[in-house]
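The values are calculated or read from the model by the stated rules, or taken from the named source; none is laboratory data. In this text the structure is predicted, and so the values were computed from the model without any measurement. In this analysis, Cβ positions are derived from the backbone assuming ideal geometry, glycine residues included, and neighbour counts consider all displayed protein chains. Side chains are part of the model used for accessible areas, which takes the heavy atoms of the whole protein and leaves out ligands, DNA and RNA. Shrake-Rupley method; radii C 1.70, N 1.55, O 1.52, S 1.80 Å.
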Amino acid sequence: MDPALTALRGPAFTFRHDPFLGDPETSLAFEPDALIVMRGGRIVGYGGHSAERERYPADLPVAHHPDALICAGFVDAHVHYPQLEMIGAFGETLLDWLQRYTYPTELRFADRSHAERVAAVFLRDLLRAGVTTAAVYCTVHEHSVDAFFAEAERVGARMVAGKVLMDRHAPPALLDGADHGAAATERLIARWHGRGRALYAVTPRFAPALTDEGLRVAGRLWCDAPGTLMQTHLCETEAEIAWVRELFPGRASYLDVYAEAGLVGPGAVFGHAVHMAEGDLAALHRARCGLAHCPTSNLFLGSGLFRAHDARRADRPVRVGIGSDVGAGTSLSPLRTLGEAYKVARLGGSRLTAEQGFWLATRGGAEALGLEDRIGTLAPGMEADLVVLDPAATDLLAFRMEAAGTLAERLFALMTLGDERCVRATYVAGVPVWMRPDRPDDQAVPAGGLRRISQ
Ligand code: GUN
Ligand code: ZN
C-alpha cells in the first residue's frame with residue numbers, strides 16, 4: 001500500500017546558497033506560507049501553499065503553524081550521550097576533567113540497564129531541542145552502542161554513533177583489550193550500520209588515548225567498512241596538543257597523527273579544531289573532512305576560540321557544523337549553541353550572521369557528516385526531518401520579536417534568546433516525535449502568579 005501523504009503548512013526557510021561563500025543576505029529562501037508534503041519519510045512536495053495545495057487530494061491532513069518558522073531539523077555534529085548526567089562538572093581543564101569526571105561517569109555504562117536509561121533520556125531531550133541527527137560518542141562498552149541505536153530506531157531518527165576506542169591513559173576498565181576494540185566494532189557495524197537510519201562511526205576517542213597500534217586498527221576498521229563515518233577529537237586545548245607532540249614525536253602535526261593511521265578522508269568528522277595551523281585546514285578541505293564547532297564546551301573548559309570564518313574561508317572552505325559536546329558543552333539546544341558561537345566569533349573579531357548560524361545548525365552540519373544529499377535542506381527528495389520553531393515562545397522573545405522586522409533579525413533573536421522552549425514540534429521521517437504541550441511561559445507561571453509573588 002502507498003504510504004499516506006501528510007503535510008505541514010506555515011512560514012518556512014531553507015538555503016539557496018552557502019552564506020559563508022556567497023552573500024548571507026540572499027542565501028535564505030523564505031516561503032511565508034509554505035506547504036511541505038511528506039510521504040514514506042521523505043519530502044515529496046515543497047513550495048508556496050497557494051500553488052502547491054491543488055496538486056494534492058482535498059483530504060490531505062495538514063498541520064498548520066501560521067506563526068511558526070519551519071526549517072530542516074537541527075544537526076548536532078558532536079555529542080557524548082553518556083555524559084548527559086555530568087553537564088556542568090565544576091572547575092577543570094580538559095585533561096583533568098576527563099580523568100576526574102568523565103571516565104568515572106562512563107564506567108557506570110558497564111551496566112546495560114544504565115546505558116538504556118540514559119540513552120532514552122538523551123534522545124528525548126535531543127528531540128525536544130529540535131535535533132534530528134547527531135554524531136554520538138557512546139562508551140567503550142559494546143552494549144552502550146546497542147542501547148543508543150535501539151532507542152534511535154524506536155524513534156526512527158537518522159543517527160550516527162560508535163563505540164569509543166581507547167587502549168591507554170584511562171582506567172583499566174575503560175580500555176580495549178588486546179585486539180584494540182576491533183572485534184566489538186566489527187560486530188556493531190554488522191549489527192547496526194545501514195539498518196534503518198543508523199550509521200556507524202568508527203570512534204577512536206582522541207590520539208592520546210590510543211597507541212600507534214590502536215590508531216592503525218581504527219584506520220583499518222574504517223577502511224574495511226565503506227560508508228561508515230569516523231569521529232574523533234582534534235586540537236581542542238594547548239595542553240592536549242603538547243601531549244600529542246610528546247606521545248607522537250616526529251609527526252608533522254596532531255592531524256598528521258590521524259592521517260598516518262588512515263583516519264583522514266571523506267566521512268571523517270573532527271570535534272573542536274580550535275588551535276589549527278593553516279596547512280592542516282587546507283588538508284581538511286582537500287580531504288573533504290568535517291569539523292564540529294563546539295562553542296559552549298570550548299568556553300566551559302576554557303579550551304579556546306574556534307575561528308569559524310577562517311575554517312570556512314572561501315578559497316578552501318572546510319565543512320563545518322555545530323556540536324553541543326555535552327557533557328563539556330552546557331546545552332543540547334542548537335539555539336543556545338549558536339548564541340555562544342556568535343560571541344566566540346565576536347571575541348575573534350568576526351561576526352556570525354543569523355544566516356551563517358542557521359546554516360551551521362542545518363545544512364552545514366549535514367555537510368560535516370557527509371549527509372547533505374539526505375538531510376539539512378527542505379526540498380523534494382530529502383528526508384522529512386523538520387523542526388517547527390516558535391519565535392515567540394517566551395514573553396521576552398514575543399516582546400523582542402515586535403521589534404524584529406526581517407527574517408534575519410528574527411532568526412538572530414532566536415539565536416540570542418532562544419533555547420529548547422522555542423521548539424514547538426520536531427518531525428522525524430515525517431512523523432511528529434515531539435510536540436510541545438503549551439507555551440512554556442504559560443505553563444511555568446499560572447495566570448496572575450507573578451502579580452501575586454510581587455505583592
Ligand atoms: N577529548 C577526548 N575525550 C573527550 C571528551 O569526552 N570530551 C571532550 N570535550 N574532549 C575530549
Ligand atoms: Zn567531545
query = Name the residues in the stretch 79-112 that are open to solvent by 70 Å² or more (accessible area, probe 1.4 Å) and assigned to a helix (DSSP H, G or I), would you?
reply = 85, 96, 99, 100, 108, 112
ask   = So how many residues does the stretch 290-333 have that are touching a helix residue (DSSP H, G or I) at 6+ places or on another chain (Cβ under 9 Å), more than 16 Å from ligand 2 (Cβ to nearest atom) and under 16 Å from residue 364 (Cα atoms)?
value = 11
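So which residues in the stretch 54-78 are open to solvent by less than 50 Å² (accessible area, probe 1.4 Å) and without any contact (Cβ under 8 Å) to a residue 60 or more places away in the chain? Step through it out loud before you land on a result.
Taking the stretch 54-78 first, the residues open to solvent by less than 50 Å² (accessible area, probe 1.4 Å) are 56, 60, 63, 65, 68-78.
Answer for the stretch 54-78, where residues must be open to solvent by less than 50 Å² (accessible area, probe 1.4 Å) and without any contact (Cβ under 8 Å) to a residue 60 or more places away in the chain: 56, 60.
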remark   = Note on residue 137: of the conditions (1) aromatic (Phe, Trp, Tyr); (2) within 20 Å of the chain's Cα centre (by Cα); (3) away from ligand 2 (no atom under 15 Å from the Cβ), unmet is (3)
Number of the condition not met by residue 33 [criteria: (1) free of Cβ contacts under 8 Å to residues at least 60 places away in the same chain; (2) crowded, with 19+ Cβ neighbours inside 10 Å; (3) touching a helix residue (DSSP H, G or I) at 6+ places or on another chain (Cβ under 8 Å)] = (2)
ask   = Are any residues in the stretch 264-280 within 16 Å of ligand 1 (Cβ to nearest atom) and either in a loop (DSSP other than H, G, I, E, B) or open to solvent by 10 Å² or more (accessible area, probe 1.4 Å) (or both), and if so, which ones?
value = 273, 274, 275, 276
ask   = Quick check: anything in the stretch 243-261 modelled with pLDDT under 95, away from ligand 2 (no atom under 16 Å from the Cβ) and either open to solvent by 10 Å² or more (accessible area, probe 1.4 Å) or assigned to a loop (DSSP other than H, G, I, E, B) (or both)?
value = yes
task = Write out, first by first residue and then by second, each pair whose Cβ atoms fall under 8 Å of each other, whose residues are 6+ apart or on separate chains, and whose first residue, in the stretch 315-329, is polar (S, T, N, Q) while the second is within 9 Å of ligand 2 (Cβ to nearest atom).
result = 324/78; 324/79; 324/294; 324/297
task = Report, ordered by the first and then the second residue, all pairs with beta carbons closer than 9 Å, sequence separation of six or more or different chains, a first member in the stretch 388-410 that is open to solvent by 60 Å² or more (accessible area, probe 1.4 Å), and a second member that is polar (S, T, N, Q).
result = 400/416
message = For the stretch 128-146, give me each residue that is open to solvent by 10 Å² or more (accessible area, probe 1.4 Å) and not basic (Lys, Arg).
response = 140, 141, 142, 143, 146
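Which ones in the stretch 384-399 are in a helix (DSSP H, G or I) and aliphatic (A, V, I, L, M)?
If the condition is that a residue be in a helix (DSSP H, G or I) and aliphatic (A, V, I, L, M), then 396, 397, 398 are the ones that fit.
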key: Filter result for the condition that a residue is surrounded by 24 or more Cβ atoms within 10 Å (Cβ to Cβ) and either within 20 Å of residue 109 (Cα to Cα) or out of contact with any Ser or Thr (no Cβ under 9 Å at 6 or more places or on another chain) (or both), over 171, 204   = 204
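Rundown of residues vs (1) of a type in the set (A, V, I, L, M); (2) within 29 Å of residue 173 (Cα to Cα); (3) within 16 Å of ligand 2 (Cβ to nearest atom); (4) touching a residue at least 24 places away in the same chain (Cβ under 8 Å), yes/no style:
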| position | (1), (2), (3), (4) |
| --- | --- |
| 86 | yes, yes, yes, yes |
| 114 | no, yes, no, no |
| 119 | yes, yes, no, yes |
| 123 | yes, yes, no, yes |
| 154 | no, no, no, no |
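Yes or no, residue by residue, for (1) modelled with pLDDT of 95 or more; (2) assigned to a loop (DSSP other than H, G, I, E, B); (3) farther than 23 Å from residue 236 by Cβ:
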residue: 117; (1), (2), (3): yes, no, yes
residue: 124; (1), (2), (3): yes, no, yes
residue: 134; (1), (2), (3): yes, no, no
residue: 147; (1), (2), (3): yes, no, yes
residue: 153; (1), (2), (3): yes, no, yes
residue: 183; (1), (2), (3): yes, no, yes
residue: 191; (1), (2), (3): yes, no, yes
residue: 195; (1), (2), (3): yes, yes, yes
residue: 203; (1), (2), (3): yes, no, no
ask   = What do you reckon, is residue 283 in contact with a Leu (Cβ under 7 Å, 6 or more places away or on another chain), within 16 Å of ligand 1 (Cβ to nearest atom), open to solvent by 10 Å² or more (accessible area, probe 1.4 Å) and not in a loop (DSSP other than H, G, I, E, B)?
value = no
